[in-house]
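The values are calculated or read from the model by the stated rules, or taken from the named source; none is laboratory data. Bear in mind the structure is a predicted one, so any value in this text is a computation, not a measurement. Cβ sites come from the backbone with ideal geometry, for glycine too, and all protein chains shown count toward neighbours. With ligands, DNA and RNA removed, areas are computed over all heavy atoms of the protein, side chains included. Shrake-Rupley method; radii C 1.70, N 1.55, O 1.52, S 1.80 Å.
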Amino acid sequence: MTSTHTPTDLELAAAAAVPSADELAGAWALQPHPNPASEAERAARLERLGFGVDFTDHMAHATWTVGDGWHNKVIEPYGPLSLDPAGAVLHYGQEVFEGLKAYRHTDGSVWTFRPTYNAARLNHSNRRLAIPELPHDDFVASIVGLVRADAQWVPDAPGSSLYLRPFIFASEAFLGVRASTSYEYLVIASPSGPYFQHGFQPINVWVEETYHRAGPGGMGDVKTGGNYAASLLPKVAAHGGGYDEVLFLDAATNTNLDELGGMNVFIVMADGSLKTPRLTGNILPGGTRASIIQLLREQGRSVSEETISLRWLLDAISAGDVAEMFACGTAAVVTAIGALTGEGFHVDIPENTVTRGIYDELTAIQLGEAEDRFGWLYRLA
Ligand SMILES: *Cc1c(COP(=O)(O)O)cnc(C)c1O
């Protein structure tokens, strides 16, 4: 059947071609670490894969100034930064970030997933925070340079990957409130195991009705630290209550599902169709979300992006119309939601077969075990 998928603005921006890794290699000059981790040390760290705790020998780094734009593009030894205490990011939070992964395929080659989607989204975030844009070629070249320098750090254990964290922050030493006149771009890399340590275990979600992560006209649809800062207090309370994650409602009406604050949500209906909150401007346009929508629509499944009220969801669950729910994002890929609890309600959602199938399909593409029908993979090394 023909595709019913209409690309989003980000997907259209991501469709612009970037050169191959061989063409981009060396564009960011390598300053080799004088004292990299020994083979034994690296092996020990690759044995005990956590998430975001260990880092590789190098990092990508560039600086932006008014006169020179992005310059000093290098792959340099990983290490602490020197920052003036008046650095703008420390006071006003002018910062954006991205998250993507490098996967080792069974033939030893190293690949990443839709890097230009992340490049386009970084610039979407940059525009909202009045940060200068970074060309897609620079974004991808920084990742190629870093992953090639630290290729031995890409793990191959099941469920593992090299998590890549690009970010930009305002570095000007100035306490006045305005956009900074200098910025630092970095990419750091962390060999990582599965995000949720207990494997494919449904998570227990607290539905938050007091606090919101973002509001209309705010920064909810961009990847910036401030949204996470706003989500931490309710997360701490939820963890204290025994919940794994928080589901946020929209700030304008406090009635509709937004997202998990780091993952997007989907509902699998008993008839096999799916629903996910439409992108209102308060929801981060996840690449995993977009990929799942395209994958399922291509298979002829109905996936609708709509306003989903908590009231409707709870009624649909008690009527038996909801079969499964899951959350998705680069870090955890796809995670079943096993229960929803909030003020005055608790519902169990025990099924997760469709969820598991989606997880298997997406990870099979990422790992090179299934055909890359949409050209999502990019070979790094
Ligand atoms: C990164 C992120 C997601 C998931 O996006 P992916 O591109 O799928 O990793 C969802 N919500 C928020 C708030 C995020 O920052």
Which fully enclosed strands (runs of 3 or more DSSP E) of the range 63-138 have 1 or more residues being more than 16 Å from the ligand (Cβ to nearest atom), surrounded by 19 or more Cβ atoms within 10 Å (Cβ to Cβ) and aromatic (Phe, Trp, Tyr)? 110-113
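Only residues that are part of a helix (DSSP H, G or I), without any contact (Cβ under 8 Å) to a residue 60 or more places away in the chain and under 20 Å from Leu362 (Cα atoms): list them for the range 270-328, please.
Residue satisfying the conditions is Arg289 alone.
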Could you please find all residues in the range 332-364 being crowded, with 19+ Cβ neighbours inside 10 Å and in a helix (DSSP H, G or I)? Val354, Thr355, Ile358, Tyr359, Leu362
The residue that is nearest to Pro285 (Cα to Cα), considering only those in the range 1-12 that are without any contact (Cβ under 8 Å) to a residue 24 or more places away in the chain and outside any helix (DSSP H, G or I), is Pro7
Output yes when any residue across the range 210-228 is small (Gly, Ala, Ser), outside any loop (DSSP other than H, G, I, E, B) and within 15 Å of the ligand (Cβ to nearest atom), and no when none is. yes
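Say whether the condition of being part of a loop (DSSP other than H, G, I, E, B), among the hydroxyl-bearing types (Ser, Thr, Tyr) and on the phi < 0 side of the Ramachandran plot is met by at least one residue in the range 246-257.
yes
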Close pairs from the range 355-379: first on the phi > 0 side of the Ramachandran plot, partner hydrophobic (A, V, I, L, M, F, W, C) and open to solvent by less than 50 Å² (accessible area, probe 1.4 Å), Cβ under 9 Å, at least 6 apart: Gly368/Leu377
Does the range 13-62 hold any residues that are in a loop (DSSP other than H, G, I, E, B) and of a type in the set (D, E, K, R), and which are they? Arg48, Asp54, Asp57
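Any idea how many residues of the range 260-269 are in contact (Cβ under 8 Å) with a residue 60 or more places away in the chain and near the ligand (Cβ under 8 Å from one of its atoms)? Give the steps one after another, and end with the answer.
Of the range 260-269, the ones in contact (Cβ under 8 Å) with a residue 60 or more places away in the chain are 260, 262-266, 268.
Those still in the list that are near the ligand (Cβ under 8 Å from one of its atoms) too: 260, 262-264.
Count: 4.
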